[in-house]
Amino acid sequence: MATSRIERPFRDRERAAALAREIGRVAGGIGREVRIMEVCGSHTVALRQHGIRSLLPANIRFVSGPGCPVCVTPSGYVANALRLIEEKGATVATFGDMVKVPDPSGRSLSAHQGSGRLRIVYSPRELPDLARSIEGPLVFLGIGFETTAPAIASAFLRARDEGVGNLFLYAAFKTVPTALRALVSDPECSIDAFLLPGHVSVVIGLEPYRFLAEEFGIPGVVGGFEPIDMLMAILRIVILVAEGRAGIENAYGRAVRDAGNEAARLTMDRLLEPAPALWRGLGLLEGSGLGLKVEARSMDAEAIFGLDALVDLDPPGCRCAQVIQGKAEPDGCPLFGRSCTPDRPVGPCMVSSEGSCAAHFRYGGAEI
Amino acid sequence: MCLAVPLELTEILDSRTAVATSGDVTLEVDVSLLRDPAPGDFVIVHAGYAIEKLDRDEAERTLSLFDELARHGDLAD
Amino acid sequence: MSDANDGRCVTLEHGSGGALSRELVETLIYPRFGGEEYPELSDATRFSLSGPLCLTTDSYTVDPPFFPGSDLGRLAVFGTCNDLAVSGARPRFLSLGLIIEEGFPFSDLERILDSLRDAAREAGVAVLTGDTKVVPRGKGGGLYINTSGIGEADARARLSAKAIRPGDAVIVSGPVGAHGIAVLAARERLSVGGGIRSDCAFLYPLCRPLLELGGELRFMRDATRGGLAAVLGEAALDSGLGLEVSESGVPVDDDVRTVAEILGLHPLEIANEGVFAAIVSRNVADRALASLRAVPLGARASIVGSVVEAHPGVVALETAIGGRRVLGLPRGLLLPRIC
């Protein structure tokens, strides 16, 4: 397999064992508990899927963060998406991640699966052709972070250039650095270091994270998603913590350039601009989202279809808001494993395969 | 939050599109977010878009550095 | 479903019991499934078979009904026959129940029935009886097929999760993950994954040699919905024992692995239609493996783990990099994800 030339060394068992030993040695020297926030939902899953946590010493504690775009989207967004189908005559296109997320009443887009009015796409590339193939408006649910926003922007710019007139974007993008600032500004924050998201950083580079170290004295290391990538990032983190140094480092150099991907950011900037965004749990954060620029208003579903502003309403007892801030553990939620399971999820942390609760349910718990 | 897989670009079809391959799996990917994509480039692909080229030299450097770290413990920056 | 303009389609009259119903059965069903031994398919077909016997039933509805490597008809035969096979029975007879949505194209129905006929021949089973109903447009998912199957229970079989013992070996009959991806790619019209073909296959030729192990063959189950993770999880729960499984020991085709990564899926959790897991006593593990590998379908059979007393009811996975984590029962539907 051609690609394994690059990736295979990052899945190497012996290297993993050596890195784990060294992490154990350094962490042993620290002594106290080291709380590392894994910002990104893909890290939440990858750490558990590869059994990384089983290789690490007991005093390294992982806390899940807000990097699960589904988890941080308020339930009202799904209600609006359903309205687009049921009241506004639109067809909704979305990534698979959003299909099972419940709205405040517990309904989800899966009610329309197979109806032709809900289309699941793997890539925004499909959107221009999909729009051309259907009658009526096609609204794409624009969920994601800076990793995904450039791709969606590219697809929409292409649609505009090609004269596709029935494609609209319901933008709910979130940007990571502002959320991190909100987290560390909270007096209750007890995070010692950040495992920073690898693919978001591919786009934005390292600069947007510097404030963590410079203003708050908290180190952060950008990590990739192969097992060795994560172990390397964790080793750098514990070294920084052991030395009492706050720095922002890149352990995913083969993919992340310090300056990020400027071409991707320029594409994003042609369609999108910073906007306030409502995060489950964190509330409304200025400049933490991306919305359509005024010159792209004709593609803006929120404006064109007159959608209600979002309200964040969690079902009674649901603690997703605390979980995504790292203030509660999944099994600290009274609903976890009882009325809230992957089969019958109450909140998005359980619906999303990247949510902390879903990950804890699937990979954790039992003593093995 | 961001699944992305490493693939090799084997053919550039036009200014936007390339064929990316891993073994027998091929898919078309959008390369408009890259500067100067070329056959032979290894890239990471997210949701059908190549979002960056993979730097193989850097990969090797990183591995060597961490193999050192894992062996020795302290390493001056 | 296409309307009548696209070609002949099934109508409600075809299910009403009248002339059109008879015509449907006589033109579509009888020519395919009547044979020398059972020339007259009737509401209740008489046959003889001495026991002990196994009976199973299953219903099939896959969207879309045609996908690379297989289709609904083939699935409906092999799926039920495989249930019999992994229960230690030789499949012999099937019943065939069709529930057809009004508007389903005749041409699709004929293709599926052809495939069903061919699969039945391959499996050496006879379709003895059946039933056809038509439901109004909008009330059905195109076509549902129910097949009940009767098989001759092998006297040597002592299959049960309760028969599993600590120290037993866990075997997988072949590479996993293909079927679910083939169906998902076809359903969602994904261009990636289009080259993956379903592994849909008749498993009795693989199960039969294992039956010679008698009581040392403890347990068999085909890894359909939920994949290998579901089967192993159930074995652990039902036996009250733990399982230790090696991720790198489970065979997965490279292209399946790549596409699964792209779609954010895990091969161990993806449905198969031509793979089963078997648990055998440690003494016969190598012999069992050899008999599987002697059959082409079992060429990549592998020992993937063992049964332990520790962590009862839980499957522990040793990951490819030497970590450990729980391999839980998969939940929910397979959907491609970007996050």
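General remarks:
- The set of residues from region B:18-47 being in a loop (DSSP other than H, G, I, E, B) and more than 7 Å from chain A (Cβ to nearest Cβ) comprises B:D24, B:V31, B:D36, B:P37, B:A38, B:P39, B:G40, B:D41.
- Residue count, region C:183-197 (criterion: within 13 Å of chain B (Cβ to nearest Cβ), at pLDDT 85 or above and crowded, with 24+ Cβ neighbours inside 10 Å): 1
- Breaking point among (1) assigned by TED's automatic domain parsing to the domain that holds A:T148; (2) buried (at least 24 other Cβ atoms within 10 Å of the Cβ); (3) small (G, A, S), for A:G224: (1)
- Meets criteria (buried (at least 19 other Cβ atoms within 10 Å of the Cβ), out of contact with any Leu (no Cβ under 9 Å at 6 or more places or on another chain), free of Cβ contacts under 8 Å to residues at least 40 places away in the same chain and more than 14 Å from chain C (Cβ to nearest Cβ)) for A:C318: no
- Restricting region A:201-215 to residues that are out of contact with any strand residue (DSSP E or B) (no Cβ under 7 Å at 6 or more places or on another chain) and not acidic (D, E) leaves a set whose member that is farthest from the other protein chains (Cβ to nearest Cβ) is A:F211.
- Top-ranked residue of region C:198-212 - restricted to ones that are farther than 22 Å from C:R331 by Cα and touching a Ser or Thr at 6+ places or on another chain (Cβ under 8 Å), ranked as farthest from the other protein chains (Cβ to nearest Cβ): C:E212
- Listed by first and then second residue, the pairs with beta-carbon distance under 7 Å, at least 6 apart or on different chains, first residue in region C:90-109 and among the charged types (D, E, K, R), second surrounded by fewer than 19 Cβ atoms within 10 Å (Cβ to Cβ) and assigned to a helix (DSSP H, G or I), are C:E102/C:L12.
- Condition check for C:D255: of a type in the set (D, E) and either outside the structural domain of C:A316 (by TED's automatic domain parsing) or over 15 Å from C:R165 (Cα atoms) (or both): yes
- Test: residue in region A:330-343 that is in a loop (DSSP other than H, G, I, E, B), under 19 Å from A:L183 (Cα atoms) and more than 10 Å from every other protein chain (Cβ to nearest Cβ): no
- Any chance A:R119 is outside any helix (DSSP H, G or I) and either modelled with pLDDT under 95 or in contact with a Pro (Cβ under 6 Å, 6 or more places away or on another chain) (or both): yes
- Leading residue by the ranking (farthest from B:C2 (Cα to Cα)) among those in region B:48-77 that are facing chain A (nearest Cβ under 8 Å), without any contact (Cβ under 8 Å) to a residue 24 or more places away in the chain and outside any helix (DSSP H, G or I): B:G73
- Here C:S302 qualifies as of a type in the set (S, T, Y) and in contact with a helix residue (DSSP H, G or I) (Cβ under 7 Å, 6 or more places away or on another chain).
- Restricting A:I191, A:I218 to those that are in contact with a strand residue (DSSP E or B) (Cβ under 7 Å, 6 or more places away or on another chain) and without any contact (Cβ under 8 Å) to a residue 40 or more places away in the chain reduces the list to A:I218.
- Restricting attention to region A:269-301, the residues being of a type outside the set (S, T, N, Q) and surrounded by 21 or more Cβ atoms within 10 Å (Cβ to Cβ) number 14.
- Restricting region A:27-58 to residues that are basic (K, R) and within 22 Å of A:E367 (Cα to Cα) leaves a set whose member that is farthest from the other protein chains (Cβ to nearest Cβ) is A:R35.
- Odd one out for C:D254, checked against (1) within 14 Å of another protein chain (Cβ to nearest Cβ); (2) modelled with pLDDT of 95 or more; (3) surrounded by fewer than 19 Cβ atoms within 10 Å (Cβ to Cβ): (2)
- Conditions (1) within 14 Å of chain A (Cβ to nearest Cβ); (2) more than 30 Å from B:V45 (Cα to Cα): number failed by C:R324: (2)
- Filtered residues of region A:344-356 (kept if within 12 Å of chain C (Cβ to nearest Cβ), touching a Cys at 6+ places or on another chain (Cβ under 6 Å) and either surrounded by fewer than 24 Cβ atoms within 10 Å (Cβ to Cβ) or not hydroxyl-bearing (S, T, Y) (or both)): A:P348, A:M350, A:E354, A:G355
- Put simply, of A:R53, A:R8 the only residue that is within 30 Å of A:D186 (Cα to Cα), part of a helix (DSSP H, G or I) and outside the structural domain of A:G326 (by TED's automatic domain parsing) is A:R53.
- In region B:7-17, residue surrounded by the fewest Cβ atoms within 10 Å (Cβ to Cβ) [restricted to those that are more than 7 Å from every other protein chain (Cβ to nearest Cβ) and in a strand (DSSP E or B)]: B:E11
- When the test is whether a residue is within 12 Å of chain B (Cβ to nearest Cβ), of a type in the set (V, I, T), in contact with a helix residue (DSSP H, G or I) (Cβ under 9 Å, 6 or more places away or on another chain) and within 19 Å of A:P66 (Cβ to Cβ), A:V184 does not pass it.
- Looking at region C:8-101, the helices (runs of 4 or more DSSP H) lying wholly inside it that each contain 3 or more residues that are at pLDDT 95 or above and either in the same structural domain as C:G124 (by TED's automatic domain parsing) or farther than 15 Å from C:K133 by Cα (or both) sit at C:72-86.
- Matching residues, region A:321-340, being surrounded by fewer than 22 Cβ atoms within 10 Å (Cβ to Cβ) and closer than 17 Å to A:V184 by Cβ: A:Q322, A:K327
- Flag: A:F95 does not match the condition of being more than 23 Å from A:L285 (Cα to Cα), buried (at least 21 other Cβ atoms within 10 Å of the Cβ), assigned by TED's automatic domain parsing to the domain that holds A:G291 and touching a helix residue (DSSP H, G or I) at 6+ places or on another chain (Cβ under 7 Å).
- For region A:135-151, a residue qualifies if it is at the interface with chain B (Cβ under 8 Å from one of its Cβ atoms) and in a helix (DSSP H, G or I), and the qualifying residues are A:P150, A:A151.
- Of all residues in region A:118-145, those that are surrounded by fewer than 19 Cβ atoms within 10 Å (Cβ to Cβ) and over 22 Å from A:L292 (Cα atoms) total 3.
- Boolean, B:L3 is touching an Asp or Glu at 6+ places or on another chain (Cβ under 8 Å), closer than 28 Å to A:I152 by Cβ, more than 7 Å from chain A (Cβ to nearest Cβ) and touching a residue at least 24 places away in the same chain (Cβ under 8 Å): no
- Number of the condition not met by A:L169 [criteria: (1) within 11 Å of chain B (Cβ to nearest Cβ); (2) over 13 Å from the mean Cα position of the chain (by Cα)]: (1)
The values are calculated or read from the model by the stated rules, or taken from the named source; none is laboratory data. Values in this document were obtained by computation on a predicted structure and should not be read as measured data. Note that each Cβ is placed from the backbone with ideal geometry, even for glycine, and that neighbours are counted across all protein chains shown.
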